[in-house]
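The values are calculated or read from the model by the stated rules, or taken from the named source; none is laboratory data. Just so it is clear, the structure is predicted and the values come from calculations on it, not from any experiment. Cβ sites come from the backbone with ideal geometry, for glycine too, and all protein chains shown count toward neighbours. Only protein heavy atoms, including side chains, enter the accessible area calculation; ligands, DNA and RNA are left aside. Shrake-Rupley method; radii C 1.70, N 1.55, O 1.52, S 1.80 Å.
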Amino acid sequence: MSTKSALITGITGQDGAYLSKLLLEKGYTVYGLLARRSTDTLWRLRELGVDKQVQLIDGDISDLSSLIRAMQLSAATEVYNLAAQSFVGSSWQQPVLTAQLDGVGVINMLEAVRIVRPDARFYQASTSEMFGLIQAEMQDERTPFYPRSPYGVAKLMGHWATVNYRESHGMHASSGILFNHESPLRGIEFVTRKVTDAVARIKLGLQDKLHLGNIDAKRDWGFAGDYVEAMWLMLQQDKADDYVIATGITTTVRDMCQIAFAHVGLDYQQHVVIDEKFLRPAEVDVLLGNPAKAQKALGWTPKTSLQQLITSMVDADLRRLQA
Ligand code: GDR
């Protein structure tokens, strides 16, 4: 039996649920930090059938003492810091909260690890949003950052804090620069799930129009289930490091819509309405990641195509609405 114990902050989110499942399958005892911010936060863990197997600890990424307590209670040897205000759009309305959770919150978690168990391995959920106004056609670990949202700015702080704790305290702290990753467990505010949910509703005659913002934006979309595997692999390496996790393919929101609507025999042009309300004050026009380092060092490759991903999300939304 394994004695490995992991602590996941943000366990109720999409990645938290997939990572819990993966770690449980590998024999870990999985602890999750539960912030009492919203109701019915456990639905994703339930959908993956792991809600009864994870141990939840009350706490909040903004509250250092609760993180110290979580480290003590869990005796975690691996810490995955996924907690965040993760919706880019909201970060203009809540820039200070976003900075507190996505920037200072990372330092809180790093401090808790350093104080309680400095030899624990630490994973930070960094993001392609740090590249923002891209400085290279294909972004890798050496591409300069240029965040374009309060979210990107806050995440950059968390990223550099992780690098700095590695370099100044010798901690095994790694940063995964993950490009967009989606699944049927994605929150409805993100564009893929907003689209697949609407497609299912339109197909079932529950809705007719879908209001979107900039559909010319391009993203490198992968499957969250594939991406959590990369998080785990990073913490199994002898040396901590930073890795870009992406598919190496970029697609417009428009083409992603086309895939989703066509899957149920519909034409997106008949239903999509451009609504200024969903435009952002500063947009990230295109993201395209180069996962070569992760492929070479971790042996990680994405397994799910965008077509498979989006059609599985439409199917899941159809099932949910019909149930
Ligand atoms: P993103 O994801 O901002 O890339 O961050 P999101 O799905 O919100 O947007 C992707 C692109 O689609 C455009 N878009 C719309 N977006 C939303 N949400 N709603 C709309 O109606 C809409 N219309 C067009 C956006 O402008 C954007 O260009 C995600 C989050 O998961 C982050 O937490 C994570 O760090 C990054 O991915 C990697």
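Here are some notes:
- Qualifying position, being assigned by TED's automatic domain parsing to the domain that holds Q258 and β-branched (V, I, T), among I134, I215: I215
- For the range 191-234, a tally of residues being under 23 Å from G248 (Cα atoms) and either of a type in the set (K, R) or more than 12 Å from the ligand (Cβ to nearest atom) (or both) returns 13.
- Reported count of residues in the range 139-152, each being within 20 Å of the chain's Cα centre (by Cα) and outside any helix (DSSP H, G or I), is 8.
- Boolean, Y146 is modelled with pLDDT of 95 or more, in contact with a strand residue (DSSP E or B) (Cβ under 7 Å, 6 or more places away or on another chain) and not basic (K, R): no
- The residue list Y151, Y123 contains one member that is of a type in the set (S, T, Y), in contact (Cβ under 8 Å) with a residue 40 or more places away in the chain and open to solvent by 10 Å² or more (accessible area, probe 1.4 Å), which is Y151.
- Counting the residues of the range 233-252 that are in contact (Cβ under 8 Å) with a residue 60 or more places away in the chain and in contact with a Leu (Cβ under 6 Å, 6 or more places away or on another chain) gives 2.
- Residue that is farthest from the ligand (Cβ to nearest atom) [pool: residues in the range 77-126 that are outside any helix (DSSP H, G or I) and under 15 Å from G59 (Cα atoms)]: V79
- Of all residues making up the range 299-308, the number that are open to solvent by less than 80 Å² (accessible area, probe 1.4 Å), in a loop (DSSP other than H, G, I, E, B) and of a type outside the set (F, W, Y): 5
- Qualifying residue in the range 243-251 (condition: of a type in the set (V, I, T) and surrounded by fewer than 17 Cβ atoms within 10 Å (Cβ to Cβ)): yes
- Screening S168 on (1) free of Cβ contacts under 8 Å to residues at least 40 places away in the same chain; (2) closer than 22 Å to V284 by Cα shows it passes everything except condition (2).
- Every pair of residues 6+ apart whose Cβ atoms lie under 7 Å, when the first sits in the range 281-298 and is in a loop (DSSP other than H, G, I, E, B) while the second is among the aromatic types (F, W, Y) and open to solvent by 30 Å² or more (accessible area, probe 1.4 Å): P281/W92
- Of the set (1) modelled with pLDDT under 95; (2) buried (at least 21 other Cβ atoms within 10 Å of the Cβ), all apply to T41 but (2).
- One residue from K218, K239 being within 18 Å of the chain's Cα centre (by Cα) and open to solvent by 40 Å² or more (accessible area, probe 1.4 Å): K218
- Residue within the range 52-62 that is open to solvent by less than 70 Å² (accessible area, probe 1.4 Å), touching a Lys or Arg at 6+ places or on another chain (Cβ under 7 Å) and closer than 17 Å to Y123 by Cα present: no
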